[in-house]
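Notes for the one structure printed next.
The values are calculated or read from the model by the stated rules, or taken from the named source; none is laboratory data. No experiment lies behind these values; they were computed from the predicted model shown. Note: ideal-geometry Cβ built from the backbone for every residue, glycine included; neighbour counts use all protein chains shown.
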Amino acid sequence: MSIISVLNPKGGCGKTTISTNLARALHDRGASVLIVDSDPPGSARDWHAANEDNPIELVVLDRPNNVKTLASMAANYDYVVINGAAKLEDMIAAAIKVSDFILIPVQPAPYDIWAASDLVDFIKARQEVTDGVPLAGFVVSRVVEGTRLGGDVRAALDEYALPVFDTTITQRQVYPQTASEGLTVFDADNVKAKAETTALIDEILAMIAPVVREVA
Ligand SMILES: Nc1ncnc2c1ncn2[C@@H]1O[C@H](COP(=O)(O)OP(=O)(O)O)[C@@H](O)[C@H]1O
Ligand SMILES: [Mg+2]
C-alpha cells in the first residue's frame, strides 16, 4: 500500500490533471486505487462526477483531521492518490504526514519553481523526523512541446536538492479535453500523452519501491 500526494500550493501547475491520470494509469495496471480529493472546488471531484462509469473510486476529504485518518482507509487499496489542496497549509501538512511519496508538479519557469520553496521546507522538516519519509520528487509540467528545459529551470530545481524526474508532462490539449468528460489520456488516441504519463508512473514506482507498505 502506498499513499502518493500530488502537492504544490500554486494553482494551475497540473496537480489535478496529473492525479487523475496517474490514478488511472495505476488502475490500468490492475491496482486498486482511491483518489482523495483534498481540494474540492472545481477539482478531482468534478472530474469524477463528469463520468458516471469512472472506474476509479474517489472520496472528498476537505478537513485536515479527515486526512489524518486516511491511513486506515488506505489499507484497503494498493494506492491512494491525494489530489493536493491549494494554499490550505493545514491540508498540505496533513497530506505530507500520511504520505509515502510526494509528487510536486511545477511549471518550467523560475517564479513557479521558487514558489515551491515553502512546500519543500515542509517536506524536508518532516523527512528529518521520520528517517526520510515521505520521499519526494519534482515533475516539470505543462512543458511546451519542442522546447528544451532551460538551464535556469534545472538550476532552480537543483537548489532544492530533491530528485527531478526525467519525464516531463507536456502542454497538450488532450489533457483538458479528456478531463472535461471525466476521462484520462488513456481514453484518447494521443500516443505521446499516454507514453509520458506511463513513463512518469514507471519512474515513481521505481523510486517508491523501497517504501511500499504491506497491505494489512
Ligand atoms: N499538461 C497539460 N496540458 C494542457 N493543459 C493542462 C495540462 N495540465 C493542466 N492543464 C490545464 O491547466 C489548468 C490547471 O490544471 P490543473 O490540473 O487543474 O492544475 P492544479 O490542480 O494544480 O490547479 C486546467 O485547465 C488544466 O486542464
Ligand atoms: Mg487542482
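Does any residue in segment 129-150 that is closer than 18 Å to Glu203 by Cα come within less than 9 Å, Cβ to Cβ, of a residue that is of a type in the set (S, T, N, Q) and away from ligand 1 (no atom under 16 Å from the Cβ) six or more places away or on a different chain, and which pairs are these?
Pairs found: Val133/Ser99; Val133/Gln127; Pro134/Ser99; Pro134/Gln127; Leu135/Ser99; Leu135/Gln127; Ala136/Ser99; Ala136/Gln127.
Against the definition (basic (Lys, Arg), buried (at least 24 other Cβ atoms within 10 Å of the Cβ) and within 16 Å of ligand 1 (Cβ to nearest atom)), how does Lys15 come out, yes or no?
Working: basic (Lys, Arg): yes; buried (at least 24 other Cβ atoms within 10 Å of the Cβ): yes; within 16 Å of ligand 1 (Cβ to nearest atom): yes.
Answer is yes for this residue.
So, restricting to helices (runs of 4 or more DSSP H) that lie completely within segment 1-84, which ones have at least 1 residues that are farther than 22 Å from Glu203 by Cβ and among the acidic types (Asp, Glu)? Let's see the steps before the verdict.
Numbers: elements: 15-28, 44-49, 64-68, 70-74.
Where helices (runs of 4 or more DSSP H) fall fully within segment 1-84 and carry at least 1 residues being farther than 22 Å from Glu203 by Cβ and among the acidic types (Asp, Glu), they are 44-49.
Assess whether Ala93 counts as being within 16 Å of ligand 1 (Cβ to nearest atom) and outside any strand (DSSP E or B).
On the way: within 16 Å of ligand 1 (Cβ to nearest atom): no; outside any strand (DSSP E or B): yes.
Spelling it out, it is not the case that Ala93 is within 16 Å of ligand 1 (Cβ to nearest atom) and outside any strand (DSSP E or B).
Return only the number of the condition from (1) under 20 Å from Leu183 (Cβ atoms); (2) surrounded by fewer than 23 Cβ atoms within 10 Å (Cβ to Cβ); (3) of a type in the set (Ser, Thr, Tyr) that Thr69 does not satisfy.
Every condition holds for Thr69 apart from (1).
Scan (1) surrounded by 15 or more Cβ atoms within 10 Å (Cβ to Cβ); (2) within 16 Å of ligand 1 (Cβ to nearest atom); (3) closer than 22 Å to Ala25 by Cα for the single condition Ala50 breaks and write down its number.
Answer for Ala50: the failing condition is (1).
Can you tell me which residue among Ala109, Ala95, Ala23, Ala31 is more than 16 Å from ligand 2 (Cβ to nearest atom) and under 20 Å from Leu135 (Cβ atoms)? Before the answer, list the steps.
Details: Ala109 fails: under 20 Å from Leu135 (Cβ atoms); Ala95 fails: more than 16 Å from ligand 2 (Cβ to nearest atom); Ala23 fails: more than 16 Å from ligand 2 (Cβ to nearest atom).
Result: Ala31 is the single residue among Ala109, Ala95, Ala23, Ala31 that is more than 16 Å from ligand 2 (Cβ to nearest atom) and under 20 Å from Leu135 (Cβ atoms).
Looking at Ser99 and the list (1) small (Gly, Ala, Ser); (2) surrounded by 20 or more Cβ atoms within 10 Å (Cβ to Cβ); (3) more than 16 Å from ligand 1 (Cβ to nearest atom); (4) more than 12 Å from the chain's Cα centre (by Cα), which single condition is not satisfied?
All conditions are met except number (4).
Yes/no matrix, rows are residues, columns are (1) more than 16 Å from ligand 2 (Cβ to nearest atom); (2) small (Gly, Ala, Ser):
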position	(1), (2)
Asp166	yes, no
Thr170	yes, no
Gln177	yes, no
Ser180	no, yes
Lys192	yes, no
Asp202	yes, no
Ala206	yes, yes
Pro210	yes, no
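Go through segment 23-57 and give me each residue that's closer than 16 Å to Leu7 by Cα and touching a residue at least 40 places away in the same chain (Cβ under 8 Å).
Within segment 23-57, Ala23, Ile35, Val36, Asp37, Ser38, Asp39, Ser43 meet the criteria.
Name the one entry in Glu181, Glu196, Glu203 that is among the charged types (D, E, K, R), out of contact with any helix residue (DSSP H, G or I) (no Cβ under 9 Å at 6 or more places or on another chain) and touching a residue at least 24 places away in the same chain (Cβ under 8 Å).
Numbers: Glu181 fails: out of contact with any helix residue (DSSP H, G or I) (no Cβ under 9 Å at 6 or more places or on another chain); Glu196 fails: out of contact with any helix residue (DSSP H, G or I) (no Cβ under 9 Å at 6 or more places or on another chain).
Every option except Glu203 fails the conditions.
What's the number of the only condition in (1) of a type outside the set (Val, Ile, Thr); (2) surrounded by 18 or more Cβ atoms within 10 Å (Cβ to Cβ); (3) at pLDDT 95 or above that Phe186 fails to meet?
Among (1) of a type outside the set (Val, Ile, Thr); (2) surrounded by 18 or more Cβ atoms within 10 Å (Cβ to Cβ); (3) at pLDDT 95 or above, the lone unmet condition for Phe186 is (2).
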